[in-house]
Amino acid sequence: MPVLRVAVSVVVALVCAPTSTNLAQPAPTRPNQIKPVPFTSVHLTDRFWLPRIETNRRVTIPFAFAQCEKTGRLDHFVRAAKVLRGEPVANLDPPGYPFDDTDIYKVIEGASYSLSVHPDPQLEGYVDGLIEKIAAAQEPDGYLYTTRTINPKAPHPWAGPERWVLEKVDSHELYNLGHLYEAAVAHYQATGKRTLLDVALKTADLLVRTFGPGKRAIWPGHQITEMGLVKLYRVTGEQKYLDLAKFMLDVRGPDGDQGAGREYNQSHVPVVEQAEAVGHAVRATYMYSSMADVAALTGDQAYLDASDRIWDSVVSRKLYVTGGIGATGRGEAFGGPYELPNMSAYNETCAAIGNDYWNHRLFLLHGDAKYIDVMERTLYNGLISGVSLDGQAFFYPNPLESAGQHQRSPWFGVACCPSNVTRFLASVPGYVYAVRDNEIYVNLYAAGRGELALPAGGRVTLTQTTDYPWDGAIRIRVDQVGQVDQVGQVGEFAVNLRIPGWARDEPVPSDLYRFLDRIDTPVTVSVNGTRADVVLERGYVHIRRAWRAGDVMDLHLPMPVRRVVANDHVASDRGRVALQRGPIVFAAEWPDNPGGVRNRVLKDRAALESHFESTLLGGVQVVTGSALARAFDSDGTIATVEQPFKAIPYFAWANRGRGEMAVWIARTEEAARATPRPTLATTATVTASPSRRLTIFINDGEEPASSDDPTLYFDWWPTKGTTEWVELALAASSRVSEVEVYWFDDTGRGQVRVPAAWRVLYQSGDAWLPVRLRGPGPLRRDKSEMPDTYGVEKDRYNRVQFAPVQTTALRLEVRLQPTFSAGLQEWRVR
């Protein structure tokens, strides 16, 4: 692969050697610091990651660029440039969201990573054109924020009367720059061109002139600027960028400014005093990552201690079994301790990416495999679930249970997740290895070749042969020791092989989850066929010896199907079990389990086996066995039938259409949701006036926990103040005399409230007639548009009784409050 080797050598030269572009010497590293091996030096050949990286390169990156053009994100820069040149602009409306600019920056970053290992003149030329447009939108002093530049006088919630004044209220002026810095460094390292880097440095110098000790104090409303400034420091060696990153962290807190003092953006207390992960999960992990960066570069113990405390709060009380974080959609935030709902789990894809950034940085600080254990769990499960197998559809939240309401989307109005996926997947090989002095850390297992430069001197090439994550047999061959391929060349160094927590009966480094059973087959390690003792040091087997080209290490990680149970404090998972094999967490999905998933009971003693299905979902391992299916009969009793059971990797769910899915399967009959018995309502067909929500949950027979239960509901949001309708077409003409409605109301987190009024109508021929209400006095047909006798109470069913009617359909007419929408949890008919 001569072209690939040339690309690699160029990148190594740009990162490690003095540049010829008038940049300062790249920043030095602290003594004895662990350094990642660049992804450009790791060439994967496996059947798991390589196809995904190729799909990202060939499909997702071009698709994301096309979406950025189609949705007007690129046009923001074009319009801003025209304003700066004094040219007429037909549309002076600010962008829909102030962070739209970052989607282009993130996809440029992903494209740059791709160019580093796969030269593509057409893609490089396209990126060059984008950079020209970005540079043209930059104001003379370096300011770059199209939302404000397009029309600085326009009233806008994210562009105040002056620059920066609304930053803490989420103007995203600084956030956008953080993603610009990361893209600029990636592009410079990939191509050697300074075009985007010069734009980034001009903005960074503006920040340095404006903010800092003795100047204005500021911190980003949405963190990542700090991470970006650290990257500028690493590539330029300019201390001022690191100093500003630390300053922005140091001054963060309840300073009295508008927007400050909130857990939502982690400004409730100074960062070094924080001990628990709270607030918006993406903001949080980006901040925690930058704290780890600063701790690594400055040795600041207070930053390190705070980061360790926060990390412990996550892995002990706030981490999903899939590695996802951010339990609640209220603020896209961490929930309370052990608050880990399944169907309403938010688990934003961006938060999974931030979680991996953070854990990898903590590994580089501590050299402990427990951080890679968390990173791997997230990577193989809750992160790649965010993109479809074809690379063209995406999840924003990643729930652990579904009744069919979840489906990936080709794009979003807030499109942070798709663009984030493009940049992360392209960089996955960079998480495989790390080095320190004359030590090598093998953190992830994937077939391929790694070209490693040891900080203490010398080069080593390792080749992995494995079918991981489907198989735990891993062979690592030393193909080069020294500067040339030569059998007999000797070099003394240490190799640290990570033994994953799941292979050591430890799903996560806490008591949040545990395996029900123990592995009978031990982990084995051998060198050149001679068995080595498996003695762990911080989760690694440490092998130090004089290595020769041709030496072979064999690692065997047993991969039986394991049952996982949660700490009893996790109410959502009591009486339930999850399945894991190797690093992969499994889910039961509707196409493989006819008759339902959420009604299944998987007994602890039920035999389970696993095999690979090459034609299913691109080729995946599956888990099979038998389970009990529970369903209500028409008389109200529950029937239990044994049926085949099958589970697929969680990351692959929702690639075959909508339907039921569950990661946590009932292990007791009490925990299973028996299929509701057939009723007039559950057997009817439901339709409604236009809405973005599925109507099937209006009559699914499930009992809501409360009016604000966020799992299975219907609403008309964002429509407000109108009269809407919902209809039940009964399975047959029936005599009915009562309806009960349980209203949806998300007060405190949304814009849906109980309605202003409503009424019931029944179908008579082609006409819809109002029912005759029962109540004190004679029966009366209500002829008013909306009677006031219909209940609108929260957290209960609102019953309406009326004179019996023979009909084939019922309708609710619902008048929304003037400034709110409305919705239903459940509709029952008798």
Checking P676 against (1) at pLDDT below 95; (2) crowded, with 19+ Cβ neighbours inside 10 Å: exactly one of these is not met. Which one? (2)
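Could you pull out the residue among G259, G237 that is open to solvent by 20 Å² or more (accessible area, probe 1.4 Å) and either aliphatic (A, V, I, L, M) or at positive phi (or both)? Working first, answer last.
Values: G259 fails: open to solvent by 20 Å² or more (accessible area, probe 1.4 Å).
Unique residue meeting the criteria: G237.
Is region 487-506 home to any residue that is surrounded by fewer than 16 Cβ atoms within 10 Å (Cβ to Cβ) and part of a strand (DSSP E or B)?
Taking region 487-506 and keeping what is surrounded by fewer than 16 Cβ atoms within 10 Å (Cβ to Cβ), we get 487-488, 490, 492, 505.
Checking which are part of a strand (DSSP E or B) leaves us with 490, 492.
Yes, region 487-506 has at least one match.
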Taking region 709-723 and keeping only residues that are at pLDDT 95 or above, open to solvent by 20 Å² or more (accessible area, probe 1.4 Å) and in contact with an Asp or Glu (Cβ under 9 Å, 6 or more places away or on another chain), one is left with Y713, W717, T723
Mind counting the residues in region 619-629 that are touching a Ser or Thr at 6+ places or on another chain (Cβ under 9 Å) and open to solvent by 30 Å² or more (accessible area, probe 1.4 Å)? 1
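When residues of region 235-269 are filtered for being among the charged types (D, E, K, R) and at pLDDT below 95, how many remain? I'd like the intermediate steps shown before the answer.
To start, the set of residues in region 235-269 that are among the charged types (D, E, K, R) comprises 238, 240, 243, 246, 250, 252, 255, 257, 262-263.
Keeping just the survivors that are at pLDDT below 95 gives 255, 257.
Going through region 235-269 one residue at a time, the tally reaches 2.
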State which residue pairs qualify: first residue farther than 12 Å from W49 by Cβ and inside region 414-427, second residue part of a loop (DSSP other than H, G, I, E, B) and among the polar types (S, T, N, Q) in any location, beta carbons under 9 Å apart, and separation of 6 or more residues or different chains. A415/T71
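Take the residues of region 580-598 that are of a type outside the set (A, V, I, L, M, F, W, C) and open to solvent by less than 10 Å² (accessible area, probe 1.4 Å): which is nearest to S402 (Cα to Cα)?
Quick first cut of region 580-598, residues of a type outside the set (A, V, I, L, M, F, W, C) only: 580-583, 589, 591-596, 598.
If we keep only those that are open to solvent by less than 10 Å² (accessible area, probe 1.4 Å) as well, we get 580, 582-583, 589, 593.
Values: Q580: 19, G582: 24, P583: 22, E589: 9, N593: 14 Å.
Within region 580-598, the match that is nearest to S402 (Cα to Cα) is E589.
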Verdict on N347 being crowded, with 21+ Cβ neighbours inside 10 Å, closer than 28 Å to T60 by Cβ, within 13 Å of the chain's Cα centre (by Cα) and at pLDDT 95 or above: yes
Every listed condition ((1) of a type in the set (D, E); (2) surrounded by fewer than 16 Cβ atoms within 10 Å (Cβ to Cβ); (3) closer than 25 Å to L362 by Cα) holds for D520 save (3)
Helices (runs of 4 or more DSSP H) contained in region 100-202 and holding at least 3 residues aliphatic (A, V, I, L, M): 100-117, 121-136, 173-191
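Can you tell me which residue within region 401-434, out of those that are part of a loop (DSSP other than H, G, I, E, B) and touching an Asp or Glu at 6+ places or on another chain (Cβ under 7 Å), is nearest to S344 (Cα to Cα)? Working first, answer last.
Here is the first cut: in region 401-434, the residues part of a loop (DSSP other than H, G, I, E, B) are 404-408, 410-415, 427, 432.
In the following step, the residues that additionally are touching an Asp or Glu at 6+ places or on another chain (Cβ under 7 Å) were identified as 404, 415.
On the way: G404: 13, A415: 20 Å.
Per the stated criteria, the residue is G404.
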Filter region 83-97 for residues that are in a loop (DSSP other than H, G, I, E, B) and touching a Ser or Thr at 6+ places or on another chain (Cβ under 9 Å); the one that is least open to solvent (accessible area, probe 1.4 Å) is P95
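Go over the candidates M559, M553 one by one and state the one that is open to solvent by 20 Å² or more (accessible area, probe 1.4 Å) and touching a residue at least 24 places away in the same chain (Cβ under 8 Å).
Details: M553 fails: open to solvent by 20 Å² or more (accessible area, probe 1.4 Å).
Only one candidate qualifies: M559.
From the set of residues in region 435-477 that are in a loop (DSSP other than H, G, I, E, B) and of a type in the set (S, T, N, Q), which is surrounded by the fewest Cβ atoms within 10 Å (Cβ to Cβ)? Show your work before the answer.
First, pick out the residues of region 435-477 that are in a loop (DSSP other than H, G, I, E, B): 437-438, 443-447, 454-458, 467-472.
Adding the requirement that they be of a type in the set (S, T, N, Q) leaves 438, 443.
Working: N438: 16, N443: 24.
Taking the candidates together, the pick is N438.
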If you scan region 398-416, which residues turn out to be under 16 Å from the mean Cα position of the chain (by Cα), within 25 Å of P591 (Cβ to Cβ) and open to solvent by less than 10 Å² (accessible area, probe 1.4 Å)? N398, P399, L400
Could you tell me whether P644 is at pLDDT 95 or above, surrounded by 16 or more Cβ atoms within 10 Å (Cβ to Cβ) and either farther than 25 Å from W827 by Cβ or under 31 Å from the mean Cα position of the chain (by Cα) (or both)? no
Any idea which residue in region 680-705 is nearest to S402 (Cα to Cα), counting only those that are over 31 Å from the mean Cα position of the chain (by Cα) and open to solvent by 40 Å² or more (accessible area, probe 1.4 Å)? T682
Considering only residues that are farther than 20 Å from A137 by Cα and aliphatic (A, V, I, L, M), which ones fall in region 184-210? A186, A190, V208
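The values are calculated or read from the model by the stated rules, or taken from the named source; none is laboratory data. Here the structure is a predicted model, which is why all the values come from computation and not from measurement. All Cβ positions, even for glycine, are placed from backbone atoms using ideal geometry, and neighbour counts span all protein chains on display. Quick note on the areas: whole protein, heavy atoms, side chains included, nothing else; ligands and nucleic acids left out. Shrake-Rupley method; radii C 1.70, N 1.55, O 1.52, S 1.80 Å.
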